[in-house]
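Just below is one structure, and these are the notes that go with it.
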Amino acid sequence: MTAIGSPPRTPLADGFCFGEGPRWFEGLLWLSDMLGEAVHTVTLDGSVTTLALPGHAPAGLGFRPDGTLLIVSTERRVVLRYDGDAVTEVADLSRIAPASLGDMVVDADGRAYIGSQAREGGIIVRLDPDDSLTVVADDLDFPNGMVITPDGGSLIVAESIGRRLTAYDIDDDGLSGRRVFADGLDGPPDGIALDAAGGVWTSMTLAHQFERIVGGGAVTDRIDIGDRAAIACMLGGPDRRTLFLVSTPDAYPQRLVGTRGSCVETVRVDTPGAGFPSTERRA
């Protein structure tokens with residue numbers, strides 16, 4: 001692993017209002033524009049396509065084993081499905097979610113874990129392949145980015161207000177064995193990505209940097225991004241060694257309505273991505 005520093009960043013795409021939830025899937029970067037009411041795909045040469053979602057503020061993205069895209073609609077507290085043709089609503093979490101929805105991760109069985117971002121008392125809801133809903137974790141301080149280990153046995157979630165990464169065991173009943181993966185972080189963690197050595201790349205929103213953190217909290221790598229807010233990251237590309245960095249001019253979405261300053265940059269890293277979000281169709 002390289003020493004802590006700020007490796008050069010390569011611009012990939014820009015002109016978004018508030019980029020969120022990056023996912024690498026079958027050769028494309030998928031990205032929500034929460035304030036732009038759209039989901040975009042971006043190729044490695046920077047070409048962008050757009051799926052418009054009028055009336056929705058998309059955030060978390062995830063793919064079921066058959067390649068169906070699930071999209072979290074934050075303020076409406078619903079989950080949408082895009083099958084390549086039409087967008088439909090598959091689940092309404094408004095009765096159980098105490099706050100707006102945020103990030104999401106989908107496991108090998110197609111179960112989606114979705115965070116409801118209350119500053120205190122946040123929850124994680126599991127959406128099963130039959131579209132049933134179960135609250136599987138509670139008492140979280142603004143649950144945000146999530147990853148699942150390659151064996152499907154553990155879930156790690158960023159608690160933004162708590163400035164910690166929290167881990168759970170995954171079982172048929174939900175999530176158990178809550179424990180701290182890393183605490184006392186340099187800033188509020190947002191989107192996260194897992195690598196093959198067990199390190200977690202974390203978007204430190206208000207600290208204006210991305211960090212690679214190992215269990216216990218040690219920082220092994222750091223990418224400073226000046227005065228921009230670090231929003232989310234994803235390991236992808238053909239070898240999963242491209243770290244996609246999503247940033248904005250400000251960490252607070254309400255200040256960015258009508259702007260187009262959000263962008264995606266890339267950095268090459270030594271250790272490839274692993275686990276879920278997965279990068280390929282699994283059916």
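The values are calculated or read from the model by the stated rules, or taken from the named source; none is laboratory data. Source: prediction; values computed, not measured. In this analysis, Cβ positions are derived from the backbone assuming ideal geometry, glycine residues included, and neighbour counts consider all displayed protein chains. For accessibility, only protein heavy atoms count, side chains too; no ligands or nucleic acids. Shrake-Rupley method; radii C 1.70, N 1.55, O 1.52, S 1.80 Å.
Carbon and sulfur: what percent of region 18-120's accessible surface (1.4 Å probe)? Carbon and sulfur: 44 percent of the exposed surface of region 18-120. Remark: the chain carries 38 Å² of accessible area per residue (probe radius 1.4 Å; ligands, DNA and RNA excluded).
Here, region 69-212 is characterised by an Rg to Rh ratio of 0.95, where Rg is the alpha-carbon radius of gyration and Rh the Kirkwood radius. With each label modelled as a point 7 angstrom along the Cα→C-beta vector, the R81-D139 pair spans 3.5 nm.
Which order do you get for M204, M34 if you rank them by accessible area with a 1.4 Å probe, largest at the top?
On the way: M204 0, M34 30 Å².
Largest to smallest exposure gives the sequence M34, M204.
In plain terms, the bigger the Kirkwood radius, the slower the diffusion; for the chain, with that radius from Cα pairs, at 37 °C and 0.692 mPa s, Stokes-Einstein puts D at 181 µm²/s.
Normalising by the residue count of region 1-65, find the relative contact order in percent from Cα pairs under 8 Å and 6+ residues apart. If you can, show how the numbers build up before the last one.
On the way: 112 pairs, mean separation 17.6, N = 65.
Computed over region 1-65, the figure is 27 percent.
Of all beta bridges that DSSP places with both ends in region 144-191, some 100 percent have antiparallel geometry. Short to long, the 5 Å bins of the Cα pair-distance histogram for region 1-154 hold 2, 9, 18, 21, 19, 14, 9, 5, 2, 0 percent of all pairs.
Among the protein heavy atoms of region 211-283, carbon and sulfur supply 49% of the accessible surface, probe 1.4 Å, non-protein parts ignored.
Pick out, in residue order, every one of the trypsin sites (Lys or Arg not before Pro) in region 36-86 that is DSSP loop and has at most 11 other C-beta atoms within 10 Å; say none if there are none. Don't skip to the end; give the middle numbers.
Values: sites: R76, R77, R81; in loops: R76, R77.
Taking region 36-86 and a limit of 11 other Cβ atoms within 10 Å, no loop trypsin sites (Lys or Arg not before Pro) are found.
Based on the reciprocal of the average 1/r between different C-alpha atoms, the Kirkwood radius for region 122-195 equals 12.6 Å.
Were the residues from Q254 through V48 laid out at 0.36 nm apart, the gain over their Cα-Cα distance would be 71.7 nm. If only the Cβ of Lys and Arg carry +1 and only the Cβ of Asp and Glu carry -1, the dipole of region 1-111 around its Cα centre is close to 260 debye.
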